[in-house]
Amino acid sequence: MASTEEAYGSPQGGATGTADQPAVETINVEAVNAKERRSLYASRVKVHPKRTQGTFRRIKWIVMLVTLGIYYLSPWIRWDRGDSIPNQAILVDFPARRFYFFFIEIWPQEVYYITGLLILASFTLFLVTSLAGRVWCGYTCPQTVWTDLFVTVERWIEGDRNARIKLDKMPWTFAKIRKRVVKHSIWLLISIATGGAWVFYFADAPTLAGQLLRFEAPASAYLFIGLFTATTYLLGGLAREQVCTYMCPWPRIQGAMFDEDSLLVSYRGYRGEPRGKHKKGESWDGRGDCVDCKQCVAVCPMGIDIRDGPQLECIQCALCIDACNQVMPKVGRPKNLIAYDTYRNLDAAARGESARPRLIRARSILYAALICVTGLIMLVALISRSDLDLNVLHDRNPVFVTLSDGSIRNGYTLKILNKQHSVRSFQVSVEGLSDAELSAVGEGEGTNLEVSVKPDRLRSFRVFVTVPADKIDKEVTDIEFVLTDPSDGSVARNDSIFRGPK
Amino acid sequence: MAHNGEKDPISGVETTGHEWDGIKELNNPLPRWWLYVLYATIIWSIGYWIVMPAWPTISSYTKGAIGYSQRAKVAGELEKAAEAQSVYRDKIANSDLQGIMADHELLEFSLAGGGAAFGDNCAPCHGSGAQGFKGYPNLNDDNWLWGGTLDDIYTTLKYGIRSDHDETRFNQMPAYGTDGILDRAQIRDVVQYVLALNGQDHNAKQSAAGKTIFEEQCVACHGEGGEGIQEMGAPNLTDNIWLYGGTPEEIHKTVAESRNGVMPAWVDRLSDETLKQLSVYVHSLGGGQ
């Protein structure tokens, strides 16, 4: 009923009109496109982070230097692996299907090393997040690092926060155009360098660099440089905090990973409130330490107010801590009004108590244990990695062949993986059968087969095993192929079967 | 449902006015650029329709401005692959079969190419593993009707057996029963003798009688001991390997009615390089001589 009335407009006081005042029908309705009506889409308000100094800013500089250094320089590290094998320390060699990482060389079927690495990385991320919140987001995420770099360039060209706001509002004078052109040019150069560095991971860096400069590099190299140039410029220079707030799923996930014992960048409301301007010489009685200078807001690259409590947008870069710690000594109050603190402690402090941060708790122990287990498995797998591997595939069709003298022959496909960087000769033999005769197309025959495999290659060939009829008493005999390298005694084995008639 | 700028008391966020079973939707606005991205994708799709093949028409489709076609791309790639292979193909064309076997690279190429050609052309009768079926010989064993050397296999492949080619390998076993050459009892005796040749259970008396008939009728083609004569395509009857089955009933049928299977000539269907690769492949299956 109510909705019907609303839909047609409910007459209010229509019947209660007096004689001298005619009844006016008032309708409870609102203009669909009312001015006040909030848009479903928000226009972006540009954030102009102010410069700050302090412990965390310094840490961020160091992290930026290290991460960017690793990214830009590591493809240039050389690592001698011998002739005809790439000597680049870190190389993803798609055409040859190899991944090189210093002394480690991974073949495509060993991609589980990378899986292990990813698992390790995830658990580390979980552990760090449960201990100290969004450390990844605040310090090491490429989005943060490059945005930081781009903002630094912007500040260098256009000045600090106030100067930039002023410049934004200025009409397009020559000076403004010059500054903007210089800024965007440097941004583009950084972006090109970023895109350029990416492709060096996939080809020999010095060779490719030469090809790129002479415009002889493969089209795909230019394509990927273009792609990464565009994304770096767009995401780091233009989109910035929008990426974290709207595009990245990680803030939503990380929210589930910290708890009341995680150290998070927090405004200590119990100390700061009630906030208010403070004049020199005024008493601090009955008020909080926060002087409402809004320095924490001005330095925030995400454009939030940390005093509103924990927020999705907060990447916990801790720059507000630095900003506040510059202010507090000036007004004669202790530092760390904004600091890494736990929910538990904030709650306790509000009641006048205190709670020590508990770093060792079920969650962190579990993550640490998982990291250790994964790391251990990886280590064992890596140490026990053989540079020789043998795979045996029994023929499916026909499963066996009867020869004219009655003897039984089985066919197998042998795959020998020589992961050494030199030619190796092997002896192939079979255990579990008596009087077995081996032969391979183009390789001769005997109880021992001699085969050679090129360096860093897989070789596949067919091997026939023939056994006289009177030596076979079972339909299925379990056998084992044994591959021996006489030069160093290394052995690879693989199980198979020998089938005969019923 | 009027929109009244109502605020959610807990989050302090304005509601959109939409409500489902008491659950109200909060208005957390999407960034406007996100909307523009949607528009950009729409514009992109229009451009895509113009540039790329997109819309079906009654008998065809819109080809797009740059004329992209996956079929053409595949055809181009196949051509390139064929070009890359031509080095080997030329070598194979100019080499004899023994030469191919002696050259490791050519051998590997031929085994791969021969295997593919076998799957396309031979597997329907001989089976994917060349294991054969009744009437279609197993090519893995060392029992050959017309010889198992490279050249024998090559000739068989080229001209076929009882095919319509002039050069075809040809023989014909008489239908001893149907043509009235032997009577039923005589055929039974011969069958017993053939079973005996293979070491199978047999009737000694019948077999002895069969031996005489065998020496009269069969040795001309199958040889004195029944071990076959490859030049004539006469199978070995002593190795217990059977093309049409080794039971007394099957052997009886073979003798009485004859079999005379056919293999087509491939010379006009496949290139000489492919035939050479096929010969090497079949030879490598294990029975090559």
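Here are some residues: B:Gly245, B:Gly177, B:Gly199. Which one is open to solvent by less than 60 Å² (accessible area, probe 1.4 Å), outside the structural domain of B:Tyr154 (by TED's automatic domain parsing) and within 36 Å of the chain's Cα centre (by Cα)?
B:Gly245
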Just name the residue that is surrounded by the fewest Cβ atoms within 10 Å (Cβ to Cβ) out of those in the range B:270-289 that are more than 14 Å from chain A (Cβ to nearest Cβ) and not in a helix (DSSP H, G or I). B:Ser271
Residues that are part of a helix (DSSP H, G or I) and either charged (D, E, K, R) or under 11 Å from B:Thr274 (Cα atoms) (or both), drawn from the range B:96-108: B:Glu105, B:Glu108
So which residues in the range A:289-345 are basic (Lys, Arg) and either closer than 17 Å to A:Gly54 by Cβ or free of Cβ contacts under 8 Å to residues at least 40 places away in the same chain (or both), if there are any at all? A:Lys294, A:Lys330, A:Arg333, A:Lys335
Could you check the range A:262-350 for helices (runs of 4 or more DSSP H) lying wholly inside it with 3 or more residues that are not hydrophobic (A, V, I, L, M, F, W, C)? A:269-272, A:319-327, A:343-350
Single unsatisfied condition, B:Val262 versus (1) open to solvent by 30 Å² or more (accessible area, probe 1.4 Å); (2) more than 27 Å from B:Tyr193 (Cβ to Cβ); (3) within 14 Å of chain A (Cβ to nearest Cβ): (3)
(1) part of a helix (DSSP H, G or I); (2) more than 21 Å from B:Asp272 (Cβ to Cβ); (3) at pLDDT below 95: which one isn't true of B:Ala75, the others all being true? (3)
Going through the range A:464-476 in order, the residues found to be among the β-branched types (Val, Ile, Thr), buried (at least 18 other Cβ atoms within 10 Å of the Cβ) and part of a strand (DSSP E or B) are A:Val465, A:Thr466, A:Val467
Just one of (1) among the aliphatic types (A, V, I, L, M); (2) within 14 Å of chain A (Cβ to nearest Cβ); (3) part of a helix (DSSP H, G or I) trips up B:Ala130, so point out which. (3)
Condition (residue is more than 30 Å from B:Gly114 (Cβ to Cβ) and not aromatic (Phe, Trp, Tyr)) applied to the range B:69-80: is it met by at least one residue? yes
How many residues, within the range B:9-49, are more than 11 Å from chain A (Cβ to nearest Cβ) and open to solvent by 90 Å² or more (accessible area, probe 1.4 Å)? 10
State the number of residues belonging to the range A:66-85 that are assigned to a loop (DSSP other than H, G, I, E, B) and open to solvent by 40 Å² or more (accessible area, probe 1.4 Å). 5
Enumeration of residues in the range B:236-247 that are away from chain A (no Cβ under 14 Å) and in contact with an Asp or Glu (Cβ under 9 Å, 6 or more places away or on another chain): B:Tyr244
Starting from residues that are among the small types (Gly, Ala, Ser) and in a loop (DSSP other than H, G, I, E, B), keep the ones in the range A:197-247 and report whichever is surrounded by the fewest Cβ atoms within 10 Å (Cβ to Cβ). A:Ala217
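Conditions tested, residue by residue: (1) among the hydrophobic types (A, V, I, L, M, F, W, C); (2) farther than 30 Å from B:Gly129 by Cα; (3) within 14 Å of chain B (Cβ to nearest Cβ).
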| residue | (1), (2), (3) |
| --- | --- |
| A:Ala350 | yes, yes, no |
| A:Leu376 | yes, yes, no |
| A:Ile383 | yes, yes, no |
| A:Leu388 | yes, no, no |
| A:Leu403 | yes, no, yes |
| A:Tyr412 | no, no, yes |
Would the range A:103-120 turn up any residue that is under 24 Å from A:Leu234 (Cα atoms) and open to solvent by 50 Å² or more (accessible area, probe 1.4 Å)? no
Would you mind stating whether A:Gly236 is in contact with a helix residue (DSSP H, G or I) (Cβ under 6 Å, 6 or more places away or on another chain) and either farther than 18 Å from A:Phe150 by Cβ or in contact (Cβ under 8 Å) with a residue 40 or more places away in the chain (or both)? yes
Can you list residue pairs whose Cβ atoms sit under 6 Å apart, with the first residue in the range A:96-124 being over 20 Å from A:Met257 (Cβ atoms) and the second being of a type outside the set (Lys, Arg) and in a helix (DSSP H, G or I)? Count only pairs 6 or more apart in sequence or on different chains. A:Arg97/A:Pro108; A:Ile106/A:Tyr113; A:Gly116/A:Met378
Can you tell which of A:Asp292, A:Asp285 is under 30 Å from A:Asp160 (Cα atoms) and at pLDDT below 90? A:Asp292
The residue that is nearest to A:Thr413 (Cα to Cα), considering only those in the range A:423-456 that are surrounded by 13 or more Cβ atoms within 10 Å (Cβ to Cβ) and charged (D, E, K, R), is A:Glu443
The condition from (1) under 30 Å from A:Gln242 (Cβ atoms); (2) under 38 Å from the mean Cα position of the chain (by Cα) that B:Leu35 misses is numbered (2)
For B:Gly233, all conditions in the list (1) open to solvent by less than 20 Å² (accessible area, probe 1.4 Å); (2) within 14 Å of chain A (Cβ to nearest Cβ); (3) on the phi > 0 side of the Ramachandran plot hold save one; what is the number of the exception? (2)
Does the range A:84-92 contain at least one residue that is over 30 Å from B:Val13 (Cα atoms), modelled with pLDDT of 90 or more, more than 14 Å from every other protein chain (Cβ to nearest Cβ) and out of contact with any strand residue (DSSP E or B) (no Cβ under 9 Å at 6 or more places or on another chain)? no
Given (1) over 19 Å from the mean Cα position of the chain (by Cα); (2) open to solvent by 40 Å² or more (accessible area, probe 1.4 Å); (3) in contact (Cβ under 8 Å) with a residue 60 or more places away in the chain, index of the condition B:Asn121 fails: (1)
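The values are calculated or read from the model by the stated rules, or taken from the named source; none is laboratory data. Computed from a prediction, not measured in an experiment: that's the story for all the values here. Neighbour counts are summed over all protein chains in view; Cβ atoms, including those assigned to glycine, are modelled from backbone coordinates with ideal geometry. When the accessible area is computed, the model is the full protein with side chains, heavy atoms only, and any ligands, DNA or RNA have been set aside. Shrake-Rupley method; radii C 1.70, N 1.55, O 1.52, S 1.80 Å.
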